[in-house]
Amino acid sequence: MIDALRRVFGIQELKTKIVFTLLLLMVCRIGSYIPVPGINGDAAISLFKYATGGGQNLFQLFDIFSGGAFAKMTVLALGVVPYISASIIMQLLIALVPSLQREIRESPDQGRRKLSKWTRLATLVLSLFQSGLFAKYAIQVNLSSPGIVVSEMIDVQLFGFSWLFYLTVMTTMTAGTLLLMWIGEQITEKGIGNGISMIIAIGILASFPSTIGSIIKQLNLGSQEPGQLTFATLVVLCTLFVLITLGTILVIQGQRRIPLQYARRIVGRHEVQGGNSHIPLKINYAGVIPVIFASSLLMFPATIGQFLGRNTWMGQLSNYISPGTWVYMILYVLLILFFTYFWTATQFKPEQIASDMKKNGAFVPGVRQGKPTQDYLEATMSRITLAGAVFLAIIAILPSLVGRLMGVDANISQFFGGTSLLILVGVILDTSKQVESHLLMKRYDGFMTKGRLRGR
């Protein structure tokens, strides 16, 4: 391991990218401790713990995605959820509007720039909307539990409207989300790994110490009385953690190899001998993106309902789709299946692959070139995508089922499996591949000494 790290930091370009990524992620963690002006962070944390009560709810899931910033009501409380929601909206628009598809296909660079611009504008609008609801919720909470908001800010009113507090919260939280969006883009462009996924992953890792503390507390080691969590349950959770990690790695790395054969062809004045090769079709082509998209899409309307209050129709809807309920799990599974197929359909281009194969004289044994090859690739990818999507869905809801059956705290069960673990494993694998590619470019053996990531 030490030799591998020495090889990594021995390449100046790779070292610069890693240091750049770590510095920006450090900024994200620092920002999660800066409270919004006028809000008492300590009182907000106490109230949040009382509101969650150890059960599964949307606020708790939102807090995991924001790396604990939501509970503290800091400037980064919204996290990257508005950006993810905006990305989902833009991807759906591209799929539904043929003119956008044609524009992106004809001029990819210009289309990507326009899509990025629209995504940023949508992120700004969603951030302002959600931060306004957050300010409204903070004022409502302050009425029942005074001390959350500084009274001087609420007292500054215009026509009975606390405009100063709303302006402060909306400005600071929106700026925090835009900062995270910028940091994510910079990491993707100049650093290592996918920036947005890295920000979510570092937030999940930040909850690790508190999870360990909760485990020790619930084991009740300082007393002879049995704790809420038993050692048998802990062993089951650890076994589940190992199995989910291994399964996630196998599925993300798994491939269905389509055999190829090359016909003899004339290049210049020479005859090139045909050969054999393969097309690697990934079982889980979309990675952990469907899990992130499904979680964010479910959190958006349900969190709005909880912000507006339980007496409203949106509030009643949020109760039905709160984490742990059967409605939530069913919708979660369906959304994961949908986004897995949706992302694969938008990124996997069988017609282009079939066209390139025909130009290079390659063909799948027993399948004619052209349209039959395209149909064969589409059918094969559809079948293996189903297996990958079902696996992601099972892993995502497994902690909720385990928590119900074994009576485990939601914070603990979510960390040992499900969305958090899927994102962590996916981000680590993606980052490892990028580091591996840099090492192989410099003619090193690679970062891993064993396994499929090793290159020669």
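The values are calculated or read from the model by the stated rules, or taken from the named source; none is laboratory data. On a predicted model such as this, the values are computed, not experimentally measured, just so you know. So basically every Cβ, Gly included, is an ideal-geometry build from the backbone, and we count neighbours across all protein chains shown.
Annotations
- Selection status of residue 187, surrounded by 14 or more Cβ atoms within 10 Å (Cβ to Cβ), hydrophobic (A, V, I, L, M, F, W, C) and in a helix (DSSP H, G or I): yes
- Residue match in the stretch 61-82 (condition: under 23 Å from residue 336 (Cβ atoms), part of a helix (DSSP H, G or I) and acidic (Asp, Glu)): yes
- Those residues of the stretch 318-348 which are surrounded by 17 or more Cβ atoms within 10 Å (Cβ to Cβ), in a helix (DSSP H, G or I) and touching a Phe, Trp or Tyr at 6+ places or on another chain (Cβ under 6 Å), in sequence order: 339, 344
- Within the stretch 435-450, being modelled with pLDDT of 55 or more and hydroxyl-bearing (Ser, Thr, Tyr) holds for one residue alone: 437.
Here's the yes/no breakdown for (1) surrounded by 22 or more Cβ atoms within 10 Å (Cβ to Cβ); (2) in contact with a Pro (Cβ under 7 Å, 6 or more places away or on another chain); (3) modelled with pLDDT under 85; (4) under 30 Å from residue 397 (Cβ atoms):
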residue: 7; (1), (2), (3), (4): no, no, yes, no
residue: 22; (1), (2), (3), (4): no, no, no, no
residue: 41; (1), (2), (3), (4): no, yes, yes, no
residue: 52; (1), (2), (3), (4): no, no, yes, yes
residue: 64; (1), (2), (3), (4): yes, no, yes, yes
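- Remark: pairs (first residue in the stretch 158-181, closer than 21 Å to residue 71 by Cβ; second residue of a type in the set (Phe, Trp, Tyr); Cβ separation under 7 Å; 6+ apart in sequence or on different chains) = 169/134; 173/134; 177/83.
- Residue that is crowded, with 21+ Cβ neighbours inside 10 Å and more than 30 Å from residue 43 (Cβ to Cβ), where the choices are 86, 77: 86
- Residue satisfying condition, being hydroxyl-bearing (Ser, Thr, Tyr) and loosely packed, with under 15 Cβ neighbours inside 10 Å, within set 151, 197: 151
To keep it simple, each residue is scored yes or no on (1) polar (S, T, N, Q); (2) crowded, with 19+ Cβ neighbours inside 10 Å; (3) at pLDDT below 80; (4) in contact with a helix residue (DSSP H, G or I) (Cβ under 7 Å, 6 or more places away or on another chain).
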| position | (1), (2), (3), (4) |
| --- | --- |
| 385 | yes, yes, no, yes |
| 391 | no, yes, no, yes |
| 394 | no, no, no, no |
| 401 | no, no, yes, no |
| 422 | no, yes, yes, yes |
| 433 | no, no, no, no |
| 452 | no, no, yes, yes |
| 455 | no, no, yes, yes |
